[in-house]
2 protein chains.
Amino acid sequence: MRPENAKTRRKPRADSLRNRERLLEAATQIFSAGGPQASLEAVARQAGVGIGTLYRHFPTREALFEAVYRHEVDLLGELAEELAHEDDPVEALRKWLQANVRLVATKKGMIEALQLVAHGSSDLKAYSFERMTNSIGLLLDRAVAAGEIRSDVPPEDLLRTLVGIFYSQGTTDWQPTALRLVDVFVDGLRKR
Amino acid sequence: MRPENAKTRRKPRADSLRNRERLLEAATQIFSAGGPQASLEAVARQAGVGIGTLYRHFPTREALFEAVYRHEVDLLGELAEELAHEDDPVEALRKWLQANVRLVATKKGMIEALQLVAHGSSDLKAYSFERMTNSIGLLLDRAVAAGEIRSDVPPEDLLRTLVGIFYSQGTTDWQPTALRLVDVFVDGLRKR
DNA sequence: TGATAAACGGAGGCATCCTCCGTATAAATA
DNA sequence: TATTTATACGGAGGATGCCTCCGTTTATCA
């Protein structure tokens with residue numbers, strides 16, 4: 001068989017794909033525990049892979065961090081799609097927001113990491129803003145359509161509120177507060 | 001002459017004081033250019049001092065950073081006191097706020113550094129919050145007393161607004177925007 | 001002018017960063 | 001299936017940074 005077009009490409013090697021996955025998973029753990037300046041060699045070790053392999057897949061620390069972040073955002077997006085099939089739309093929205101809080105809370109290093117994003121690649125910012133807005137919109141629209149909550153709060157505002165809740169909370173043990181604030185806010189969205 | 005009290009203390013050595021000064025100055029430059037994780041050995045080099053000397057004066061990176069930050073806050077405090085002798089109180093206020101913008105703008109690494117403070121020692125937070133609030137109060141009160149601006153904006157609110165202006169601005173070339181916002185805000189404070 | 005408390009500098013041991021390249025292996029080809 | 005070859009792998013190695021330790025220097029005090 002001849003090449004399909006000018007750009008002859010082999011199928012990517014299976015080990016390459018596998019290693020990429022492993023690195024991403026390891027990086028999520030290591031960054032979560034140690035913040036965004038954690039050792040990359042630790043990431044490679046955790047992934048059971050040579051340091052060279054890490055650098056081939058992710059040439060810079062930022063590239064790796066970006067990939068991890070994108071992955072997390074994608075997971076939240078998938079969660080939103082699952083929750084969109086739940087019976088109670090308001091509950092679904094609440095659960096998704098709480099999942100956000102838990103995500104950030106569990107991975108304490110992520111807070112610092114998020115602040116780097118705030119000053120980093122605007123590609124990444126645009127991507128995650130859109131993806132997150134869509135996720136919220138999905139859940140919000142359903143609840144609005146069901147006539148259960150008010151219709152004058154756009155998804156962007158809800159996203160910004162969420163970020164505000166994260167940012168305002170300083171150090172330790174803020175998770176309960178954040179969860180409460182989410183609760184209050186969702187209740188506030190309810191039609192009376 | 002006998003010791004004045006139980007805690008006999010020699011006069012601190014002149015070279016010690018001098019080196020401390022030099023380190024502080026060097027650290028301000030290095031951190032400004034390279035952000036809060038810049039090399040401490042570079043700081044020592046820049047100060048013309050051994051690395052051991054740096055560590056004796058500032059046992060941790062945070063200690064050094066804290067000292068730099070305190071120093072900057074103190075400088076702003078002194079500037080406020082100077083400006084309090086200017087003829088036009090509203091202009092004085094405006095100048096002080098603009099000095100803040102310029103300080104942060106010139107020292108781009110400081111932005112990241114500030115974010116660390118936000119999650120760091122609450123001693124430092126308390127100190128700088130008070131010192132900054134006082135500086136603003138000094139200038140604000142004079143302008144209020146002169147009957148030139150409204151009296152229902154407390155210094156704390158102005159400080160938070162300032163921080164908000166810094167935080168909202170993302171990456172490059174935000175200085176003009178920030179200066180404009182300060183202008184708008186000061187004009188808004190004026191009685192009509 | 002000594003005596004001495006205090007400060008100095010930088011070598012040294014360890015960790016991390018990132019590059020480079022010989023080796024290994026999965027996909028393509030025959 | 002056997003061979004070829006593009007691709008990926010791993011980790012040694014040189015550079016840099018962190019921080020400690022301690023022999024040497026020096027400013028104060030008497």
Next on the checklist: A:Leu83 - would you say it is of a type in the set (A, V, I, L, M, F, W, C), within 14 Å of DNA strand D (Cβ to nearest atom) and modelled with pLDDT of 90 or more?
Outcome noted: no
Checklist entry - Do we find a residue being part of a helix (DSSP H, G or I), of a type in the set (Gly, Ala, Ser) and modelled with pLDDT of 75 or more anywhere in segment A:146-162? => result no
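Could you tell me whether B:Thr53 is modelled with pLDDT under 90, within 14 Å of DNA strand C (Cβ to nearest atom) and farther than 30 Å from B:Asn134 by Cβ?
Details: modelled with pLDDT under 90: no; within 14 Å of DNA strand C (Cβ to nearest atom): yes; farther than 30 Å from B:Asn134 by Cβ: yes.
Criteria not met by B:Thr53.
Within segment A:82-105, work out how many residues are in a helix (DSSP H, G or I) and open to solvent by 40 Å² or more (accessible area, probe 1.4 Å).
Taking segment A:82-105 and keeping what is in a helix (DSSP H, G or I), we get A:82-83, A:89-105.
Retained after the next criterion (residues that are open to solvent by 40 Å² or more (accessible area, probe 1.4 Å)): A:82, A:91, A:95, A:102-103.
Residues meeting the conditions: 5.
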Checklist outcome for this item: Checked segment B:19-53 for anything within 19 Å of B:Arg70 (Cα to Cα) and among the acidic types (Asp, Glu); matches are B:Glu21, B:Glu25
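The values are calculated or read from the model by the stated rules, or taken from the named source; none is laboratory data. Predicted model only: the values in this text are computed from it and were never measured. All Cβ positions, even for glycine, are placed from backbone atoms using ideal geometry, and neighbour counts span all protein chains on display. Protein only, heavy atoms only, side chains kept; ligands, DNA and RNA dropped before computing areas. Shrake-Rupley method; radii C 1.70, N 1.55, O 1.52, S 1.80 Å.
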